[in-house]
Every structure is written in C-alpha cells, then in structure tokens.
1. Could you let me know the centre-to-centre spacing of segment 489-532 and segment 225-262, using Cα atoms, in angstrom?
2. Starting from the 7 Å offset along Cα-to-Cβ, what nm value, one decimal, do you get for the label separation of Ile115 and Arg67?
3. Of all the C-alpha pairs in segment 188-425, what % are more than 24 Å from each other?
4. Pop the C-beta distance of His185 and Glu164 into the FRET formula with R0 = 30 Å and round what comes out to the nearest 0.05.
5. Which whole-percent values make up P(r) of segment 157-204 when all C-alpha to C-alpha distances are grouped in 5 Å steps starting at zero?
6. Output the antiparallel fraction of DSSP beta bridges having both residues in the chain, as a percent to the nearest 5.
7. Contour minus end-to-end for Thr263 and Ile122, with contour as 0.36 nm per residue of separation and end-to-end as the Cα-Cα distance?
8. Of Lys428/Lys471; Lys295/Lys482; Lys417/Lys482; Lys179/Lys381, which ones are farther than 28 Å apart at the Cα?
Amino acid sequence: MSTAPETLSISGTPQGRTPTPSTLAVRRVAIDTYRENVVYLHRECDVYRAEGFQALAKVEVRANGRRILATLNVVDDLCIVGGHELGVSEDAFLQLGVVDGHTVSVSQAEAPQSIEALHRKINGERLSREDFGGIVRDIAAHRYSKIELSAFVVATNRNELDREEVYFLTEGMVDCGRKFDWHEHLVVDKHCIGGIPGNRTSMLIVPIVAAHGMLCPKTSSRAITSPAGTADTMEVLANVELPFEQLTQIVRDHHACLAWGGTAELSPADDVLISVERPLSLDSPGQMVASILSKKISAGSTHLVLDIPIGPTAKVRTMPDAQRLRRLFEYVAQRMSLSLDVVITDGRQPVGNGIGPVLEARDVMRVLENDPRAPADLRQKCLRLAGRLIEFSPDVRGGDGFAIARDILDSGRALNKMNAIIAAQGSKGFNHNNPQLGKLTLDVRAGAAGVVIGIDNLQIARVARLAGAPKVINAGVDLLHKLGDTVAAGDILYRIYAEFASDLDFARQACDKSTGFIVGNAEQVPQVFVEF
C-alpha cells in the first residue's frame, strides 16, 4: 500500500493532516529575538484556550525527544500563525531542530527551582554556592523570562556581590557549559574589559604568541554596543563561525584561532545575561569578572593577560577604581586556578586609526606588514601585551617578552602565522591596500586652532555606530588626529564612512551636537598613569 508524499501548505502545516487538539504544527517565524526563545499562539487557538495561557508566560515545547522553554506571545493575525500552529522564533526553531509542519506539544512550564534564591537576592541577601549554581543552570536552560533575568541583573548590580559570591557566580557559569581541555600545561589568552574604540590588539597578539609556539585559542565576541568586536573585524579577513571540530583542528595545526565564541557553547548563561545587561547599560564589577573569567576558563586557558584601560571616558575612570577591579579579578582567578597578569593601560582615547570592521582590519594588517602607515599606538600596545604573554613561558626571563614579540613582528613571522590562520578559517580575500570603504563620506573639522586635549571614546564610538558599523562592515570613523596633535581651524579631525545616506545623516546630526574632540592648550592634555 503506497502513501502519497506529504506536502506543505503555505502556512507550514502539512496538507492532509490536522494536528490533534493536544498538539500543534511548528511554523518558523523569522524573528530574531536575541538569546531568547519566543513562541507565538493565536488567541483563538484551542490549546491556548484549554491551557489557560497568558501572554509572556513561560511554556514548555516538546518535539522528537527535545524540550525547550520559551516565552509566549499571543497574536491575532492569522498571517503570522494559524489556529493549529505554534510559531517559533529563530532561536527556538534552531534549538528544536525540526522542520516546518512538525507536530509539537505545548504545556505550562514549571517555575524555575532557583526562583526562591532569586527573590532572596532581590531582597539584598547573600547567596551560597548552591544558590548561584541553581540560578545559573536555570538561566542557561532559558527557564527565566527577560523580566526575571533583568531582576537578577539589577539585584546583583544594586546589592553588589562580595568577592566570594563573584567566585560562586563564575564557577556556576563554567560548570553549566562546555569546557575545552587542550592537554597542555600552558594555554594563553588576552582580554580587554572593553570601552576603547579601535582596540584590536588581540588580532595582533594571537599570531605573535602563536608564532612563538604558544597555544592561544582565541574565541571572541561580536559587538553589541561598540562599532566592532574582534569577531566582527576578523570576519572581514576570514570565516569566524566555525564548527567545534574545525575550530579545535585549526588550533592543533596552527596553535591558534580567531573565531566567534557563539558556536562553542562556552559559558552559555553569560550569553543570556549579556542580552539583558547591555540594553540596561549595566556592567557591574562582579558581573564583569564572572563574565570574562568564565569564558576564558571554559575555553581552556591556563594563563591570561587582562587589559584594564583607564581614562576620562573609559569604563574605568581612575587608578583607585582600576586597582579595586584588579584585586577582584585576581581573587577569583586564584580560586579558579587561572594564572592572571592584570595590566592597566592608557584609555584616554581610541587605539589605532580606524573604527569599524574594515577600517580596523586595515590597521591590523598594516601593523603585521610593518607598513609605515600602520598606527604606532596599536603596534606598541600589542607588542607590550604580547610580551607579557610570552613571559608566561618558563624559559623566558621577565622583561624579555617585549623584545621577543618585536622580533617576531619585525621578521614577518607574525604575518605568516596570521595568513596561515586566515587560510585555515577560510580567507575572504581582503585587500587592505585597497579596502572597499563606504561610498559616502563626511569630514569632521576642527572649529578652532590649538592642541587636541580630549577625545571622547563614547561619542566617537556612537558616531561610528550611527554611520552603520558594525552591521555595515565598511562603515565607521577614520581618525586623522590624536591627543597632543596640533591642529589649525578647519583641519580634518576624522572622516566618517557610510554606505547609506540615512546613516550618514544620523552621524552628521551626532557630530553637530559634539565632535567628540576638545581643542585647547598643550598643558591641558590629561596625564595617564599606566604600568607599561
């Protein structure tokens, strides 16, 4: 007896089959809900009425032995989801792993077991290791709604975590995700706490230390509120979304990679927390320490150099604040058996010239090729940080790392290593000598003569993002002047690149309010206290 092949209707429900009242047919709703599983039911759906669902309730969806938790949205438009369908967001669809039209069951989700601990934290109580472990497991499993996640983030920001609580949070984040074991005694990494535009030192440090023979599996993030993350800039040169097996093989073959960390499932609870921390503009010291160290430990790092920039418009404004943050990082790292070298650096202004993926990739390649047009500050900072990493090696004397790093860069060995990594990850054929930048430009000029005495990191980053970066990879800002430079009235301070007229207009409006540059007298240039 033959059976006619099953076909799909436009709505995604298989023709010839009507789901029973207890099940629904999956319909992929192409909405990016950013780290949150969201499902959609029609208000007239029988299951919706029978189960007594409410909008924003947590529901459990089961299919093919898989189970996900999701936030429910209720719709009235049959064009979005039919009465016998369950619409699912992009995140939820990928986790379910089924095709359009597949039947699923939907039910009320039980409250997270850790909800009582969350309520105690909201009330300002101190939590135990078990409390944090339970909260983190529930976060990683998407058992918390965005409202509950926001409550946790705000509670741990307002009622500042003590250093042992930060350790418990970090430990919980590591335990709920995948952890690499490279079977090496020395696995190095470098990380910056962020906030400084153009600071693409990682893309230079990784090939330098890998050329020295050190293992450096660099998994990086994409930009959320900045004009470019390391992964965004590296993606101009090569593929960064690599399957787990390919990523590990590249590290084995070349001692390094420069990849996006989203496919590695490292500290998955941190990715969920970031999705609510960034829109709230909250980045408390405890959450920052747990986020950074959990990712590094999960990636298998044994030794880490941490860059804390300080400056008037950096994340950390003063040396006392930097020292307090350093001590917290050192305490948690020591408890997690991670060797940590914290370096306090100059955060008064952007690093390098370009801000935006293509512009930053251009700067990186110019430094690697020892091009005279390469930004000196980016080269110098990468050499000093790479030197500190190299000094983790037991056969390198303290203080010798900088010279070793400089020799690796000057000799072309770092460039060769970077080219090998690019080829292994899949080259994009980027030509840094003729980068394809946004076709629309705007020159921002000095209003008066004098010396550049201030550059607002936040405003320059905002202008670059309004111009389109990082989504438009060839958009951004190219700086022509830095602190201490003498300028005449009408001199170009920086050039904005955009691909779309509306983006350029947004950037122009921001510059009309503030260029981000302050011009004054030479003696007004702010001093900086760094450890290099």
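Please treat every number below as a calculation from the coordinates, not as lab data. Worth saying up front: this structure is predicted, and the values here are computed from it rather than measured. Heads up, the Cβs are rebuilt from the backbone with ideal geometry, glycines too, and the neighbour counts pull from every protein chain shown.
1. 31
2. The answer from the label model is 1.6 nm.
3. Pairs farther apart than 24 Å: 41 percent.
4. Calculated transfer efficiency: 0.60.
5. In whole percents, the pair-distance histogram is 4, 12, 13, 16, 21, 20, 12, 2, 0.
6. Counting only bridges with both partners in the chain, antiparallel ones make up about 55 percent.
7. So the chain would gain 47.5 nm between Thr263 and Ile122.
8. Lys295/Lys482; Lys417/Lys482; Lys179/Lys381, as the Cα separations exceed 28 Å there.
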